[in-house]
Amino acid sequence: MKTEKEEIRQVLITTAREAFLEKGYKAVSMREISEKSGVGLSNIYNYFDSKDELFKVVLTPFLHSFEKMMIEHSEASRDTEVDMYTSEKYQAETIRSFLEVFRQYRPELKLLFYASQGSCFENYCEMLIDSNTRRSLEYMKLIKEKNHLLSIDISTFFIHLCCVWWVNVLKEIAGHDELTDIEIERFIAEYVRFAAAGWEALFKTRESKKQE
């Protein structure tokens with residue numbers, strides 16, 4: 001059973017989420033959250049030090065789920081051979097895990113990409129690109145160590161651009177409210193297959209290069 005403090009905290013989080021999704025971070029004030037929640041303005045600061053902290057708490061469920069998905073994706077890559085990109089099972093799992101998070105947190109993703117100016121997440125796109133680039137470079141290093149027959153010579157900047165592309169894919173989907181779940185699933189499947197074919201072409205063995 002929740003205590004009164006826990007109930008008030010949850011009311012503030014729910015109210016803030018609705019306000020942030022409707023107007024964006026910058027346009028929402030703590031006074032507005034106070035009026036809509038019925039919690040006194042001074043009392044709000046007994047629960048949250050600032051609007052930015054409240055914003056982070058609102059987004060925490062999405063951020064945890066998204067990070068969990070990215071970690072699982074990265075770990076799966078470490079345990080799989082280089083031909084994983086063409087594996088139907090791997091592609092299906094990639095599509096499923098993305099759609100699961102996206103369907104549940106689509107509004108939060110749109111909020112982060114388009115209406116987080118003024119918050120600690122206003123550079124979320126760049127943060128996501130940087131973290132994905134680091135993960136990808138680590139993966140490339142691991143692939144080289146595990147597969148000595150492979151002749152992998154992929155530039156760091158190309159990997160960076162691939163991460164930029166992926167983040168912009170997310171941003172475009174989040175920004176098009178008219179897209180249905182079925183349309184999103186189709187597009188993601190097309191994207192995954194297209195990207196898989198490209199990586200397969202880049203991951204060539206030394207023997208296959210000699211035959212060309």
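Here are a few things to note about the model shown:
- Checked against the criterion of being surrounded by fewer than 13 Cβ atoms within 10 Å (Cβ to Cβ), more than 17 Å from the chain's Cα centre (by Cα) and either over 22 Å from L109 (Cα atoms) or modelled with pLDDT under 95 (or both), the candidates S42, S37 yield just one match: S42.
- Residue pairs meeting the criteria (Cβ under 9 Å; at least 6 apart or on separate chains; first assigned by TED's automatic domain parsing to the domain that holds W165, in the stretch 119-134; second assigned to a helix (DSSP H, G or I) and polar (S, T, N, Q)): C125/N168; T133/T156
- Filter pass, L142 being within 30 Å of A27 (Cα to Cα), touching a helix residue (DSSP H, G or I) at 6+ places or on another chain (Cβ under 9 Å) and among the aliphatic types (A, V, I, L, M): no
- Selected residue (criterion: surrounded by the fewest Cβ atoms within 10 Å (Cβ to Cβ)) from residues of the stretch 2-34 that are of a type in the set (D, E) and more than 23 Å from E122 (Cβ to Cβ): E4
- Residue in the stretch 95-105 that is surrounded by 14 or more Cβ atoms within 10 Å (Cβ to Cβ), under 22 Å from T60 (Cα atoms) and hydroxyl-bearing (S, T, Y) present: yes
- Scope the stretch 45-62; condition under 19 Å from R106 (Cα atoms) and in contact (Cβ under 8 Å) with a residue 60 or more places away in the chain; matching residues: F55, K56, L59
- Scanning the stretch 110-163 for residues that are polar (S, T, N, Q) and at pLDDT below 85 gives N147, S151.
- Residues being more than 13 Å from the chain's Cα centre (by Cα), of a type outside the set (F, W, Y) and assigned to a helix (DSSP H, G or I) - total across the stretch 134-167: 17
- Screening the stretch 101-128 for residues that are polar (S, T, N, Q) and part of a loop (DSSP other than H, G, I, E, B) and picking the one that is nearest to W165 (Cα to Cα) gives N123.
The values are calculated or read from the model by the stated rules, or taken from the named source; none is laboratory data. None of these values were measured; they are calculated from a predicted model. Counting neighbours? That spans all protein chains shown, and the Cβs are built from the backbone with ideal geometry, glycine included.
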